[in-house]
Amino acid sequence: MFRATLKSLLARKVRLVLSGLAVVLGVMFVSGAFVLTDTLGRSFDQIFADAYAEVDVNVAAKPKLAVNEFEGEQIQTPFPAAAVETVRAVPGVAEATGTVVADGARLIGSNGKVVTSFGPPQLGGNWVGESDLVQLREGREPRADDEIVINKALATAGKVAVGDRVGVLTLAPKEEFTIVGVFGYSGDRDSLGGVNEVMFTTPAAQRLMLGEQDVFNNIVIRSASGVSDESLRDSVAAALGDDYVVKTGEQLSADAAAGLKEGLAFFNRILLGFAAVALLVGTFLILNTFSIIVAQRTRELALLRAVGASGKQIIGSVVLEAIAIGLVASVLGLAAGFGVGALLAYAFSNVAGGLTLATLGMPAAAVIGAFAVGLVITVLAALLPALRAARIPPIAAMQDVATPDRPLTKVTVAGAVVTALGATLLFLGLGGHARGNTLATILGGVLFAFIGVALLTPLISRPVVAALGAVFSGWTPGKLGRLNSGRNPRRTAITAAALMVGIALVTGITVILDSAKSSISGLAQDTIKAELVIAGAQSGPRPPSFDPAVLAEAKAIPGVRIADGLYGDMAQIGGEHTWVGALTEPSALRQVYGVTATAGDIDQLAPNQMLVSSDAAESRGLSVGSTLAVQLARGAERTYTISGIFQSTALFGTQAVLPTEAARDFSIQQPIQGFIQLEPGTRVADVQPRVEALLANSPEVSVIDLDGFIDQQASQLDGLLQMIQILLALAIVIAVLGIVNTLALSVLERTRELGLLRAIGLRRSQTMGMITVEAVVISVFGALLGVAVGAGLGAAVVEALRDEGINKLVLPWGQMGVFLGLAAIIGVVAAVLPSIRAARINVLGAIAHD
């Protein structure tokens, strides 16, 4: 049996390639994700190791507010410069240097725009001289407070050079500086990990990056000869006390890499999620392939049964073929994944501003994942056809027709049960009844829903396919193609289901995002009472901001009634992290944002007062007069008294509003949005240019009307949708391969039939047309299923989010129509090779084919 299986496998090389291609693509996605994150992880390990190579021990103050990578930016607490002298007096310290290092130094390039960063920070600090790591390549060090040096990567990105006068945005509004030097790093590197760096004199760095004079936020220590880093760390920690964090350079490097790898792990899980979708689609393809293979080998398997092969041996024969395909596909997928991972890492390094990549490697997780996924998916998909093969009676070897249609009762009942299970899981997850397992419950519901619909599809395939194929019924090849696509409901259903998954996910996500955009846009139009908005598109980790003086100057413009600025940051309130805001004019909460009071006064705030939302008040048991301890990114913890409670709204999602003075202790001490309300009768065109002129020194933002602001914010969802569509494109590609595979194997299966059709007068072009119609009908059927299922899933999610403000269901009819049109094109493309093969069949040989 082993030899017979191998000979059968090798005799059908085309079938082997078509069967394994889907697994190759799925495994490629899995292994590529692991290669990418492993390469980036080791690259950042090396970067941080280099960055802290000259640090034996580092001192920093304990942060006022500890946040993780997903909550916001960690702000280091400044400490008095006197701490540097305390450290220098510790035995074993050879050198101690106070340093300033903080994110938020944005240089304005030669084009008048801020040099942006898509991920890496934009650091500002004090120049402490050259070292083995840092070397001046041009110019000299800064000596005056209006002089700076910048790294080569920033100079290149901003197209600036030594001697240029440039603007820099920091905690302070735009200030002008002269570039007196450009520096780089050992190994001829222009940056470390794509980080842009601006270095000031120490007094300027303290004022601009920390907001205070005579303070630092780090002390870099070199140990004396013979003193271990660990012992010196302990000595320094004892000298400074509990308000400081003292770590060795190795600890700093490991902690920095670990924090970044947390984000990489999240990114990896996203990639693996899309890989799972691709593999689900691939499972349908493999299941269909082996079903066709078993049907084609019915007589062969029956002969084996007739000469003594047992049912177990038949099962083993089919499973062995699946293992062989899985192994080959895993190897090829692993190799392809290595290439894809390398390509993505290279692309990431360019987007990140020239990240120096570590040597590419093949992590164990990629190898294990490739073979586990490739083998398991292939074998599981082949099990049902294998069990079916074992039931073939020996008498079938003597029959010409050995694969009669089987009743659809069992598969329909199974589909109904699985679909009901999926619907139940979705109800529990979307309804908030999953008890902490919401995401897993929703994903499980989607998976079972897809499988259930796929099982139910054979029941509707014949009538739907007949209706779709009616378009071609006036043409003989078209009529034959329609009949062919409906003759085997199971095969048609599985092929269509593979395409359904990808299109359903794209459709569902489009429904959700379009509904969110429409709901938020409508809410903003109905709620925000401002004709002009000051804002900018966020392209990095920090939102754009502007000089608060602009608001006072804007309010002085004739016709301006209110000019309000919104500040925002993460804070710790009552031991919990939450987003807080501050307004230039507290009354704007009602006048501009349309928020109503449920208790107390929300039109004014004293320096020791705060406002909270009704949701926060209810969940925490708060009322007017209650007090709360608030810790911001900077400054000491302060206690505020609640003077008012405002009605929670989906648009104004801030849980607490603090006095304007509190913004001095925010991570970003400038407003991130501004809203200008005009007096009745004042024209927007008269005010907008004057406000734009006030923003000359705030190039990150511009003033736009309310419609433009809504479009600007909604465009971020468009970018998210495009990324999802690109990642899901692989699943659709695999589904297209499924159609090609089904048609190709179907042509092999119907060799004699095609020969007879050709013998009675069907021309080659008509044969190709028949195969093409079959492909188009199956493809459009799958797209129709995907559009229907996706719209249903999207509508369910939108309904579940109604209380969150997503109250408008938007069905993207245009895009759904495009999906159906693309499906028809996909069918035509998928039919090219199988139809050519069918047209080239030797008529006499085909008639004699057994």
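If only residues of region 127-152 that are more than 14 Å from residue 186 (Cα to Cα) and of a type in the set (Asp, Glu) are counted, the one that is surrounded by the most Cβ atoms within 10 Å (Cβ to Cβ) is 147. Return yes when residue 619 is among the polar types (S, T, N, Q), under 29 Å from residue 75 (Cβ atoms) and free of Cβ contacts under 8 Å to residues at least 12 places away in the same chain and no when it is not. Here the answer is yes, as residue 619 does meet what is asked. In this structure, residue 533 qualifies as in contact with a helix residue (DSSP H, G or I) (Cβ under 8 Å, 6 or more places away or on another chain) and closer than 30 Å to residue 696 by Cβ. In region 550-572, of all residues being small (Gly, Ala, Ser) and not in a strand (DSSP E or B), the one that is farthest from residue 74 (Cα to Cα) corresponds to 559. Given the condition in contact (Cβ under 8 Å) with a residue 40 or more places away in the chain and closer than 20 Å to residue 546 by Cβ, answer yes or no: does some residue in region 138-152 qualify? The answer is no; no qualifying residue exists. In region 437-491, of all residues being among the aromatic types (Phe, Trp, Tyr) and buried (at least 16 other Cβ atoms within 10 Å of the Cβ), the one that is nearest to residue 786 (Cα to Cα) corresponds to 450.
Give the residue that is modelled with the lowest pLDDT, with candidates limited to residues of region 355-404 that are among the hydroxyl-bearing types (Ser, Thr, Tyr) and either farther than 30 Å from residue 751 by Cβ or over 41 Å from the mean Cα position of the chain (by Cα) (or both). Per the stated criteria, the residue is 403. Of all the numbered requirements in (1) more than 20 Å from residue 93 (Cα to Cα); (2) outside any helix (DSSP H, G or I), residue 274 misses one, and that requirement is (2). Starting from residues that are outside any strand (DSSP E or B) and among the charged types (D, E, K, R), keep the ones in region 210-244 and report whichever is farthest from residue 89 (Cα to Cα). Top of the filtered list is 212.
The requirement of being modelled with pLDDT of 90 or more and under 21 Å from residue 644 (Cα atoms) is satisfied by residue 583.
Looking only at region 73-122, filter to residues that are among the charged types (D, E, K, R) and buried (at least 17 other Cβ atoms within 10 Å of the Cβ); which one of those is farthest from residue 217 (Cα to Cα)?
106
Of the candidates 216, 200, the single residue that is closer than 21 Å to residue 245 by Cα, touching a residue at least 40 places away in the same chain (Cβ under 8 Å) and buried (at least 22 other Cβ atoms within 10 Å of the Cβ) is 216. Look at region 219-230: where a residue is on the phi < 0 side of the Ramachandran plot and a partner is surrounded by fewer than 17 Cβ atoms within 10 Å (Cβ to Cβ) and in a loop (DSSP other than H, G, I, E, B), sitting 6+ places away or on another chain with Cβ atoms under 9 Å, you get 220/54; 220/128; 222/54; 224/91; 227/91. What's the total number of residues in region 236-292 that are of a type in the set (Lys, Arg) and free of Cβ contacts under 8 Å to residues at least 12 places away in the same chain? Looking only at that region, the number is 1.
Note on region 683-728: residues that are within 30 Å of residue 498 (Cβ to Cβ), touching a residue at least 12 places away in the same chain (Cβ under 8 Å) and of a type in the set (A, V, I, L, M, F, W, C) total 6.
Could you list, in sequence order, the residues of region 460-490 that are among the hydroxyl-bearing types (Ser, Thr, Tyr) and assigned to a helix (DSSP H, G or I)? Residues satisfying the conditions are 461, 476, 485. Applying the criterion of at least 2 residues that are small (Gly, Ala, Ser) to the helices (runs of 4 or more DSSP H) found wholly in region 587-704 leaves 614-620, 684-694. Quickly run through region 573-586 and pick out the residues that are assigned to a loop (DSSP other than H, G, I, E, B) and free of Cβ contacts under 8 Å to residues at least 40 places away in the same chain. 575, 585, listed by residue number. Considering each residue of region 232-252 in turn, none proves to be of a type in the set (Val, Ile, Thr), out of contact with any helix residue (DSSP H, G or I) (no Cβ under 8 Å at 6 or more places or on another chain) and crowded, with 20+ Cβ neighbours inside 10 Å. Of the residues in region 161-179, at least one is in contact (Cβ under 8 Å) with a residue 40 or more places away in the chain, surrounded by 21 or more Cβ atoms within 10 Å (Cβ to Cβ) and either more than 36 Å from the chain's Cα centre (by Cα) or within 25 Å of residue 45 (Cα to Cα) (or both). In region 771-780, of all residues being aliphatic (A, V, I, L, M) and more than 10 Å from residue 839 (Cβ to Cβ), the one that is surrounded by the fewest Cβ atoms within 10 Å (Cβ to Cβ) corresponds to 780.
The values are calculated or read from the model by the stated rules, or taken from the named source; none is laboratory data. If you're wondering where the values come from, they're calculated on a predicted model, not measured in any experiment. Quick reminder, even Gly has a Cβ in these numbers, built from the backbone with ideal geometry, and neighbours come from all protein chains shown.
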